[in-house]
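Trainee: Below you'll find the structure I mean.
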Amino acid sequence: MDTTTISTEVIDLLSRISRQKLREEDVTPLVVFLTALVSILRGVMIIDRTIALEEEERLQKTLKAFASSDRDRVGLIERIVSGISKQQVYFNPTELLTLTAFFSDSEKLLLICFGYEMSAVDGRIDLREQMYLTAIGQQLGIDSRYIAAIDATFTKEGTVDSEAFAEVKELLAPLKFESREPVFAASAKHLLSLLEHQ
């Protein structure tokens, strides 16, 4: 996603979530990605009705990695994070689709992998979390084979389709994020390593 694909619809949505009138120059691709990411991570945390300490720590660590890449917008990011919880963006597929409309397949996979990492951080993946992530993946238009491969890798249930897994690894190759801020390639590398060692 580049800045030319940030629509007025996305800016309006972020203005509503942050409760602040935003201008085009306030909204970077990183802010849009982070909004979608936090929405999904919060959804994973809330869906099983138990927020583990490990989940809060994982969210803070992820936020720190991404927010420090855009120091000028830390205040905005904080307001967005607060707004996501208050407005329960994680349960609104329309808003998530608005945010991710121009995301590449690689960026969408990054979101889902972060979701699975959050789900697994407390030592087990709850069925509700699994169902939530599968539904989000489908809404984002991610190939169902990719979702199944990621799911099987993290849950250790079923067999992993090696061809689909190879395609997932290809889409998450850090080179796919070369044109983005370095945090994207670093995140892809981290998630790839996680997938390969599950």
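The values are calculated or read from the model by the stated rules, or taken from the named source; none is laboratory data. All of these numbers come straight from a predicted model, not from anything done at the bench. All Cβ positions, glycine included, derive from the backbone under ideal geometry; neighbour counts span all protein chains shown. For accessibility, only protein heavy atoms count, side chains too; no ligands or nucleic acids. Shrake-Rupley method; radii C 1.70, N 1.55, O 1.52, S 1.80 Å.
Trainee: Ala164 passes all but one of (1) part of a helix (DSSP H, G or I); (2) more than 17 Å from Gly43 (Cα to Cα); (3) open to solvent by 10 Å² or more (accessible area, probe 1.4 Å); which number fails?
Mentor: (3)
Trainee: Looking only at residues that are closer than 21 Å to Ala120 by Cα and modelled with pLDDT under 90 in region 65-95, which one is most open to solvent (accessible area, probe 1.4 Å)?
Mentor: Within region 65-95, the match that is most open to solvent (accessible area, probe 1.4 Å) is Ala65.
Trainee: Out of all the residues in region 109-120, is one or more of a type in the set (Asp, Glu) and under 20 Å from Pro29 (Cα atoms)?
Mentor: No: zero hits.
Trainee: When the residues of region 172-186 are narrowed to those that are under 19 Å from Val32 (Cβ atoms) and touching a helix residue (DSSP H, G or I) at 6+ places or on another chain (Cβ under 6 Å), which ends up most open to solvent (accessible area, probe 1.4 Å)?
Mentor: Step by step, filter region 172-186, then rank; the result is Lys176.
Trainee: While we're here: Going through region 23-64 one residue at a time, which ones are outside any helix (DSSP H, G or I) and either touching a residue at least 40 places away in the same chain (Cβ under 8 Å) or surrounded by fewer than 21 Cβ atoms within 10 Å (Cβ to Cβ) (or both)?
Mentor: Scanning region 23-64 gives Arg23, Thr28, Asp48, Arg49, Thr50, Ile51, Ala52.
Trainee: I would also like to ask the following. It is to be established whether one or more residues within region 128-138 are crowded, with 18+ Cβ neighbours inside 10 Å and over 27 Å from Gln60 (Cβ atoms).
Mentor: No, the conditions are met nowhere in region 128-138.
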